[in-house]
Amino acid sequence: MSEPSPETRIWELMRGALTTRALAVAADLRIARVLAAGPRSVAELAAETGADPDTLHRVLRALASEGVFEETEPRVFANTAASEVLTVSGWDDFAHLFGGIWYRALAELDGATRDAPFPEVFGTGFWDWLAAHPDERAAFDRAMEQGKERRVERLASVDWRGGETVVDVGGGNGSLLVALLGLHPGLRGIVFDLPETVRDEAALGDRIEFVAGSFFERVPPGDVHVLCTILHDWDDESAAAILRTIHAAAAPGGRLVLLEGVVPEGNAPDGPKWLDLLMLTLFAGRERNEEQWRALLADTGFEVVNLRDGLIEARCR
């Protein structure tokens, strides 16, 4: 296959905003879930979802041109393997977030400042805004569950020891820790997160406790502290404050396990290079390369003992 022309490459990037918003429209209308029962006409879809028939047809036609939905006959649409992803809880929430509040904030990103645009657009920081909008907080928590299997697989490669207490700092609804403890019956766990986190504490079982609080103030003591895509939400000063709080609570020689993107050098495509712009937009946070991770951990009292495939293991000095 020949390389796209320079003009085609630029066009594909420019129209990405249209794709993002169209996916959000389809996800918010739950079109993929309606089509799970089989192909439907635009008129039927519009009647069931409350959409304008002409606008809905144009949105679905554009998405179908990219393999998301299929127009099987004029003005009749069906799911594809790609659109079926939007029937899975969490993926439709991701589409909602990317094409909704994140989209609005990204529109204000410029090259003149390191400040996050989100507070300027919404009048408050991202976490405070989520706290004031429980439905959006629930959507965010569901979205953050996606990719859990891959995260559990990476965590499973850690040398876990029977009898340890694992503290999942910023652990959300606890699904990651539930999966990890399912693989290691000797472990006990603590999920630590803000009190407004949407969760089902009964689903945590008798080996996991939920503790509410802010990791800028304190974290529960434990043998291993795990942070899964938490520190990229914060600038270096704030990330260092979180790590110092953990260091103060950790046992001597306590272990730290991070699941984070590590930005590679060079021009190869890589997700964290784009995710870095979202972190800048929402929080003035950042993705980090290996050198930056090592420096951040060394400055806060940790020694890196392993860094591979986005899994960073360290211990308290």
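The values are calculated or read from the model by the stated rules, or taken from the named source; none is laboratory data. The model shown is predicted, which means the values in this text are computed figures rather than measured ones. Note that each Cβ is placed from the backbone with ideal geometry, even for glycine, and that neighbours are counted across all protein chains shown.
On the basis of being surrounded by 12 or more Cβ atoms within 10 Å (Cβ to Cβ) and not in a helix (DSSP H, G or I), does residue 127 make the cut? Criteria not met by residue 127.
Does residue 245 fit the bill of being modelled with pLDDT of 95 or more, under 25 Å from residue 159 (Cα atoms) and among the polar types (S, T, N, Q)?
Here the answer is yes, as residue 245 does meet what is asked.
Exactly one residue among 305, 224 is within 26 Å of residue 190 (Cα to Cα), in contact (Cβ under 8 Å) with a residue 60 or more places away in the chain and either part of a strand (DSSP E or B) or not assigned by TED's automatic domain parsing to the domain that holds residue 179 (or both), and that residue is 224. Only one entry of 297, 280, 311 meets the criterion of being buried (at least 19 other Cβ atoms within 10 Å of the Cβ), farther than 29 Å from residue 111 by Cβ and either touching a His at 6+ places or on another chain (Cβ under 7 Å) or not assigned by TED's automatic domain parsing to the domain that holds residue 124 (or both), and that entry is 297.
Condition test on residue 262, is it touching an Asp or Glu at 6+ places or on another chain (Cβ under 8 Å), within 24 Å of residue 176 (Cα to Cα) and free of Cβ contacts under 8 Å to residues at least 40 places away in the same chain? Taking the combined requirement at face value, the residue does not satisfy it. A count restricted to region 25-83 and to residues that are touching a His at 6+ places or on another chain (Cβ under 8 Å), surrounded by fewer than 20 Cβ atoms within 10 Å (Cβ to Cβ) and closer than 21 Å to residue 100 by Cα stands at 1. When residue 265 is tested against the conditions (1) part of a strand (DSSP E or B); (2) among the acidic types (Asp, Glu); (3) surrounded by fewer than 18 Cβ atoms within 10 Å (Cβ to Cβ), the lone failure is (1).
The lone criterion from (1) at pLDDT 95 or above; (2) surrounded by 16 or more Cβ atoms within 10 Å (Cβ to Cβ) left unmet by residue 90 is number (1). If you check residue 141 against the conditions, is it in contact with a Ser or Thr (Cβ under 9 Å, 6 or more places away or on another chain), closer than 20 Å to residue 228 by Cβ and at pLDDT below 95? Yes: the conditions hold for residue 141. Looking across 167, 158, one residue alone is in the same structural domain as residue 252 (by TED's automatic domain parsing), assigned to a loop (DSSP other than H, G, I, E, B) and hydrophobic (A, V, I, L, M, F, W, C). It is 158. Could we say that residue 62 is farther than 30 Å from residue 137 by Cβ, over 16 Å from the mean Cα position of the chain (by Cα) and in contact (Cβ under 8 Å) with a residue 24 or more places away in the chain here? Answer is yes for this residue.
Looking only at residues in region 173-221 that are assigned to a loop (DSSP other than H, G, I, E, B) and among the polar types (S, T, N, Q), the one that is nearest to residue 142 (Cα to Cα) is 173.
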